[in-house]
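What follows is a short report on a single structure.
The values are calculated or read from the model by the stated rules, or taken from the named source; none is laboratory data. This one's a predicted model, so the numbers in the text were calculated from it and none came from an experiment. Quick reminder, even Gly has a Cβ in these numbers, built from the backbone with ideal geometry, and neighbours come from all protein chains shown. SASA here: full protein model, heavy atoms, side chains in, ligands and nucleic acids out. Shrake-Rupley method; radii C 1.70, N 1.55, O 1.52, S 1.80 Å.
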Amino acid sequence: MPTERGTTSNTDRIMDLWVNSWIAALVVGAITWGLIIWCVVAYRRRKGTVGFPRQTSFNLPLEVFYLTIPIFMVLVFFYFTDRDQQAIDDRSQPADVVVDVRGKQWAWDFNYKSGDVIQEDLHEAGVQAHLTGNTIDKEQLPTLYLPVNKSVDLELNARDVIHSFWVPAFLQKRDMIPGKTNYIRFTPTKEGTYDGKCAELCGEYHSEMLFRVKVVSESEFQAHMDQLKAEGNTGLLGVEYDRNPNLNETK
C-alpha cells in the first residue's frame with residue numbers, strides 16, 4: 001500500500017498513478033458488474049416460457065463497442081504508465097551523488113563515487129544480519145547515507161546471484177542482475193531512516209539481507225564521508241570482489 005507522500009521526488013508520481021489506476025479499474029468493474037446484473041434480470045427466463053429464445057447471429061454495433069472500449073482503456077493506461085516511467089527513469093542530467101550499490105549473499109556494499117558532493121571514492125562494506133528471534137539492532141545493519149534534496153543515482157549490481165533493491169517507503173524496487181547494471185534515479189526530499197531489504201529470493205539467508213537508508217542533511221552526510229575516510233575506507237570495492245558461479249572457470 002502507498003506510504004506517506006513526499007519521501008522522494010518520485011513517490012507522489014508513483015502513488016498518483018497507482019491510486020488512479022485502481023479508481024479507473026473499480027469504475028470499469030462497477031459498470032461491468034452492473035451490466036451483468038442487468039442482463040441477468042432483464043433477460044431471465046420467464047415463467048411459462050418454452051423453447052429457446054430468439055438467437056442473434058451477430059450485433060455489429062455491440063461488437064464494435066466491445067472492441068473499441070478495451071483498446072481505448074489499454075491505450076490510456078499505457079500513456080500514463082509510459083509518461084511516468086520515462087520521468088522516473090530520466091537520467092539525461094548528471095546526478096549530484098552516485099552510489100554503486102552491490103548486493104551479495106547476504107548483505108550490501110555501498111561505493112560512494114567521487115563527484116560534485118563526494119570529494120573522493122569511498123566505500124562501506126556491509127555484514128549480514130542474523131535473525132535469532134530477538135529484537136534486531138538496526139544500528140548494525142548496512143546503512144546507505146544520502147543527502148537530502150540532492151539527486152541520487154544508484155548503480156545496482158550483484159556480486160553473485162540475482163538480488164533486488166527495495167526500500168518500501170520509496171515505492172521503487174529494481175532487480176540486481178550479475179553482469180548487468182541497473183539504475184534508480186531519485187531525489188530524497190524528507191530526512192529520516194528507512195528500512196530496506198532484498199526482494200528477490202537469493203538463497204538460504206535471503207530474509208537476513210536487510211539494510212537501511214539514512215537521508216540526512218548535507219553537513220551530516222559530509223561528516224559520515226569524513227568518518228569513512230578516517231577509518232581507511234577509501235577507494236571502491238569493485239568487480240574484483242564479485243563472485244558469479246555461472247562464470248567460474250572449471251579447472
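Structure values in brief
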quantity: Filter result for the condition that a residue is open to solvent by less than 60 Å² (accessible area, probe 1.4 Å) and of a type in the set (Val, Ile, Thr), over VAL97, VAL127; calculated: VAL97
quantity: Extreme residue, modelled with the highest pLDDT, among residues of the range 11-56 that are of a type in the set (S, T, N, Q) and not in a helix (DSSP H, G or I); calculated: THR49
quantity: Test: residue in the range 118-136 that is within 27 Å of ARG13 (Cα to Cα), touching a residue at least 40 places away in the same chain (Cβ under 8 Å), in a strand (DSSP E or B) and in contact with a helix residue (DSSP H, G or I) (Cβ under 9 Å, 6 or more places away or on another chain); calculated: no
quantity: Condition check for VAL117: touching a Phe, Trp or Tyr at 6+ places or on another chain (Cβ under 6 Å), open to solvent by less than 50 Å² (accessible area, probe 1.4 Å) and not polar (S, T, N, Q); calculated: no
quantity: Residue in the range 205-213 that is in contact with a helix residue (DSSP H, G or I) (Cβ under 9 Å, 6 or more places away or on another chain), open to solvent by less than 70 Å² (accessible area, probe 1.4 Å) and of a type outside the set (Lys, Arg) present; calculated: yes
quantity: Exclusive hit being without any contact (Cβ under 8 Å) to a residue 24 or more places away in the chain and surrounded by 10 or more Cβ atoms within 10 Å (Cβ to Cβ), set ASN20, ASN10, ASN59; calculated: ASN59
quantity: Hits in the range 185-201 (condition: open to solvent by less than 70 Å² (accessible area, probe 1.4 Å), within 22 Å of LYS104 (Cβ to Cβ) and out of contact with any Asp or Glu (no Cβ under 8 Å at 6 or more places or on another chain)); calculated: TYR194, GLY196, CYS198, ALA199
quantity: Among residues of the range 24-47, those that are open to solvent by less than 90 Å² (accessible area, probe 1.4 Å) and not small (Gly, Ala, Ser), counted; calculated: 5
quantity: Subset of the range 142-168 [open to solvent by 20 Å² or more (accessible area, probe 1.4 Å), touching a residue at least 60 places away in the same chain (Cβ under 8 Å) and within 11 Å of the chain's Cα centre (by Cα)]; calculated: PRO168
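Yes or no, residue by residue, for (1) modelled with pLDDT of 95 or more; (2) not aliphatic (A, V, I, L, M):
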| site | (1), (2) |
| --- | --- |
| GLU155 | yes, yes |
| ARG159 | no, yes |
| PHE165 | yes, yes |
| ALA169 | no, no |
| PRO178 | no, yes |
| ILE184 | yes, no |
